[in-house]
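Okay, so here's the structure we're looking at.
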Amino acid sequence: MTDDQQALPGVVVVGSVTADLTTFSTRLPVPGETILGDDFTLVLGGKGANQVVAAGRAGAAAHFVACVGSDLFHDMIMDGLVDAGVDVTHVRTVPGPTGIAHIRVDASAQNDIVMVPLANAALSAGQIDAGLDALAGRASVLLTQLEIPAPLAMHAIRAGSERGLTVVLDPAPASALPDDIWRHVDVVTPNETEATVMTGVEVTDVASAERAGRWFLERGVGAAVVTLAGAGALLVSPDGARLVAPFPVEAVDTTAAGDAFSGYLGAALAEGATLDEAVVRAAAAGALAVTVRGASPSLPTRERVHAFLAERPAPEIVDGSRA
Ligand code: ADP
């Protein structure tokens, strides 16, 4: 972490970390079949790691509470986190294998993924509490996702809320949560699929995204940001609904757009940005992420996002009910 980053308020991410093993082939094999592929990559991944890397690249003091294994992936993961400026003091090494994501991508960019949690299953409430206590006064935002066991994500949300942190939940992958958790969440950032699964409102356009956003608000969430991929993001708060128009970019690979978005949103809120400003910065980061292939390699730097924002007019923000 640089001196510059030390000076900025921090984001603590409680989440998953994996080694992402990706094969690229013309088509995906059918069950029982072996085919020859064209390429292979091995990179740092996991929603928690991607979002803490995004927050670190955004310039926030980014602290990670997670578990990595003691196998050959350990050093690659720790080096990747440290290179992105992430504080790894609260990343615990546990004996055994690191979590992995086994990803297959075909020529049309269709993919399938098997994620095996492995070391991630060793994350505990005690580790989360110890991390948050040690970081008291150094982080103002807690960011988590649902790739860790749901009871631990719930614990992180409650523990962050009790300590006065701004709690941001990226509910990915979507799963049903107990109703009493929502009042501890300040900002929730589902994509269309997650919003649909969690609220029962089928999100197909801005109007349905607004209805899904209201579902979260009715349960006590401070604000919902429904990400709409190439259609932008809808911010639903007690003040109303605002659609942040998408930045026009040429999409190459949409992997990790949501991680770039959530990481930048958390970092911007920690810096004291308003929610509207934070969503614009997050949308710029999400747009830049789709212009580069891969997950963590596509997470943009602060300099790139600032240059990108400086080069073009601010995105149109329109009243959701008129979008
Ligand atoms: P997820 O990866 O979680 O499915 P989205 O695909 O909704 O998330 O992307 C998150 C955000 O990234 C969007 O709200 C948008 O701001 C930005 N984004 C994603 N895809 C594009 C795109 N093709 N063009 C411009 N912006 C995009």
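Please treat every number below as a calculation from the coordinates, not as lab data. What you are looking at is a predicted structure, and each value in this text was computed from that prediction instead of being measured. Don't worry about glycine lacking a Cβ; one is built from the backbone with ideal geometry, like all the others, and counts go over all protein chains shown.
Below is a table of values for the structure above.
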item	result
C-alpha center-to-center spacing [region 12-80, region 257-317] in angstrom	20
Convex hull projection area averaged over all views, region 125-174, Cα basis, nm²	3.1
Translational diffusion coefficient (Stokes-Einstein; Kirkwood radius from C-alpha pairs) of region 171-295 at 10 °C, 1.306 mPa s, in µm²/s	111
Modelled FRET efficiency - R0 22 Å, ASP129 with THR89, Cβ distances, 0.05 increments	0.90
Per-residue Cβ neighbour rank within 10 angstrom, fewest leading, ILE100, ILE148, ILE181, ILE113	ILE113, ILE181, ILE100, ILE148
Net charge contributed by nearby residues that have their C-beta within less than 14 Å of GLN145 (K/R +1, D/E -1)	-3
Rotationally averaged projected area of the chain (alpha carbon convex hull; nm²)	16.0
Interchain or long-range residues, amide H under 5 Å from THR18's placed H	GLY45, GLY46, ALA49
Mean separation of Cα contacts under 8 Å (6+ apart) over length of the chain, as relative contact order %	17
Highest to lowest packing among 116-125, 198-207, 12-21, scored as the average C-beta count within 10 Å	12-21, 116-125, 198-207
Vicinal HN-Hα couplings computed from phi for region 123-129 (Karplus, 6.51 cos²θ - 1.76 cosθ + 1.60; Hz; Gly/Pro x)	4, 9, 4, x, 5, 5, 4
Per-peptide average of other Cβ atoms within 10 Å, ordering 32-43, 219-230 highest first	219-230, 32-43
Binned Cα-Cα distance frequencies in region 54-210 - 5 Å width, integer %	1, 8, 14, 18, 20, 18, 12, 6, 2, 0
Under the Karplus curve 6.51 cos²θ - 1.76 cosθ + 1.60, θ = phi - 60°, whole-Hz ³J(HN,Hα) for region 226-233, x wherever Gly or Pro sits	8, 7, 10, 6, x, 9, x, 9
Net lengthening on full extension, ASP319/LEU42 (0.36 nm per residue, minus Cα-Cα)	95.5 nm
